[in-house]
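A.B. asks: I am attaching a structure below and will ask some questions about it afterwards.
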Amino acid sequence: MAELIPTKPYLIRAIHEWCVDNGLTPHLLVVITRHTRVPMAYVKDGEIVLNINYSATKDLHIDNEAIVFSARFGGVSQNIYVPVDAVKGVFARENGQGMFFEVDLSSPPVQPEHGEEKVSAAESDVSKSSAKRKPTLKIVK
């Protein structure tokens with residue numbers, strides 16, 4: 001018998017749809033690996049939480065291999081690539097309901113080392129002006 005397709009990507013899509021249908025904000029908890037492409041400045045303890053609501057992303061695509069989209073971090077658009085294997089959970093921000101997975105990756109989580117973060121030219125201007133300050137969110141109406 002042929003190897004079955006894993007259920008994890010289907011469950012991620014289902015919880016995402018459930019959140020959107022109920023007016024909740026879907027978030028991903030992701031373990032950082034060498035295949036994960038996220039802004040390392042926002043990684044904490046080898047993990048990052050990403051808002052995957054349609055209003056926070058552009059061109060969101062969740063398939064059986066990866067979750068791909070563009071999002072703004074610190075006002076700078078970033079292309080995000082998250083392998084399905086690196087997803088530790090998908091949940092609603094408002095109530096924490098969702099589904100969490102055991103992540104068994106062959107390579108250990110990647111930690112950004114101080115001064116090792118790669119930044120684009122646009123980000124470097126932003127980071128120079130906000131050096132040694134934690135990122136904050138600002139409500140814009």
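The values are calculated or read from the model by the stated rules, or taken from the named source; none is laboratory data. Computed from a predicted structure; not experimentally measured. Because the Cβ atoms are built from the backbone with ideal geometry, glycine has one as well, and the counts that use them run over all protein chains shown.
A.B. asks: Can you name the residue in the stretch 95-112 that is aliphatic (A, V, I, L, M) and more than 15 Å from HIS16 (Cα to Cα) and, of all such residues, is modelled with the lowest pLDDT?
C.D. replies: VAL110
A.B. asks: Continuing with this model, one more query. Quick check on GLU3: is it of a type in the set (Asp, Glu) and in a helix (DSSP H, G or I)?
C.D. replies: No, not satisfied.
A.B. asks: Further question: For the stretch 25-34, what are the residues that are surrounded by fewer than 19 Cβ atoms within 10 Å (Cβ to Cβ) and at pLDDT 95 or above?
C.D. replies: Matches in the stretch 25-34: THR25, LEU29.
A.B. asks: Tell me whether the stretch 74-83 contains one or more residues that are in contact (Cβ under 8 Å) with a residue 24 or more places away in the chain, under 25 Å from ASP21 (Cβ atoms) and not hydroxyl-bearing (Ser, Thr, Tyr).
C.D. replies: yes
A.B. asks: Let me ask another. Go over the candidates ALA41, ALA122 one by one and state the one that is part of a helix (DSSP H, G or I), among the hydrophobic types (A, V, I, L, M, F, W, C), surrounded by 12 or more Cβ atoms within 10 Å (Cβ to Cβ) and modelled with pLDDT of 60 or more.
C.D. replies: After ruling out the rest, the residue left standing is ALA41.
Residues are listed down the side, and each one gets a yes or a no for (1) among the aliphatic types (A, V, I, L, M); (2) within 15 Å of GLY89 (Cα to Cα); (3) free of Cβ contacts under 8 Å to residues at least 24 places away in the same chain:
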residue	(1), (2), (3)
PRO9	no, yes, no
ASP21	no, no, yes
VAL31	yes, yes, no
HIS35	no, no, no
TYR42	no, no, no
LEU50	yes, yes, no
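A.B. asks: Could you tell me which numbered condition ARG13 fails, if it satisfies all but one of (1) surrounded by fewer than 20 Cβ atoms within 10 Å (Cβ to Cβ); (2) without any contact (Cβ under 8 Å) to a residue 60 or more places away in the chain; (3) not in a helix (DSSP H, G or I)?
C.D. replies: Unmet condition: (3).
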